[in-house]
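Just so it is clear, none of the values below were taken in a lab; they were calculated from the coordinates. Just so it is clear, the model here is predicted, and its values are computed rather than measured. Glycine also receives a Cβ, built like all others from the backbone with ideal geometry; neighbour counts cover every protein chain displayed.
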Amino acid sequence: MKRCGLLLFLLISVLVANAQQASVGKSISNVNVLNSSDKPSSIPYFGSKVLVILYTDPDVKDVNDPLSAAIKAKGFPADKYAGIGVANCKVTWIPNSAIRMKSRQKEKQFPGSIVLLDDSEKIKQAWSLADSDDKGVVIVVGKDSKIKFLRYVKSQDESRSISAAVVKVIQDEIAK
């Protein structure tokens, strides 16, 4: 009898954890992290523009470059859309100073983009993201602060393969 109770408890725990985990349609709130100059910053344009947030392990910093290039090629209007990269500094051995330097380079490579640093996984915790070690997490957030697209990307080929779907979600959200 005790074994059934334990199994039931474990099953309920898993279901509750999965219900809280980030998913499309879930409302999320803004989070305070650091900008590329190491100053506190909330996520700009949260709730006022369609956002593509690339939450990435710095060990795979270029994993979503194909997606970023595809989005950039569309030329979405800056008054309705913003791309934001967030380095998950907690999951890497790379020093934060090196990540800040690379962040400033990415901001130059993708003009109009913003790169932030999350040195204590605040975003992962606040939004209930799954493990993002060795991954880039693609999150499209609508002006209503709800997740419209969510994918954990492990390779540039995977990034390339989701580009059309992400672009469509952005277009649909901008049209609202």
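Data for the structure
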{"quantity": "Residues satisfying the stated conditions in segment 30-45, i.e. under 13 Å from the mean Cα position of the chain (by Cα) and within 22 Å of I174 (Cβ to Cβ)", "calculated": "N30, I43"}
{"quantity": "Whichever residue in segment 58-73 is in contact with a helix residue (DSSP H, G or I) (Cβ under 8 Å, 6 or more places away or on another chain) and exposed (fewer than 15 other Cβ atoms within 10 Å of the Cβ) and, among such residues, is farthest from L117 (Cα to Cα)", "calculated": "D62"}
{"quantity": "Residues of segment 74-116 classified as among the small types (G, A, S), buried (at least 20 other Cβ atoms within 10 Å of the Cβ) and over 26 Å from A165 (Cβ atoms), total", "calculated": "1"}
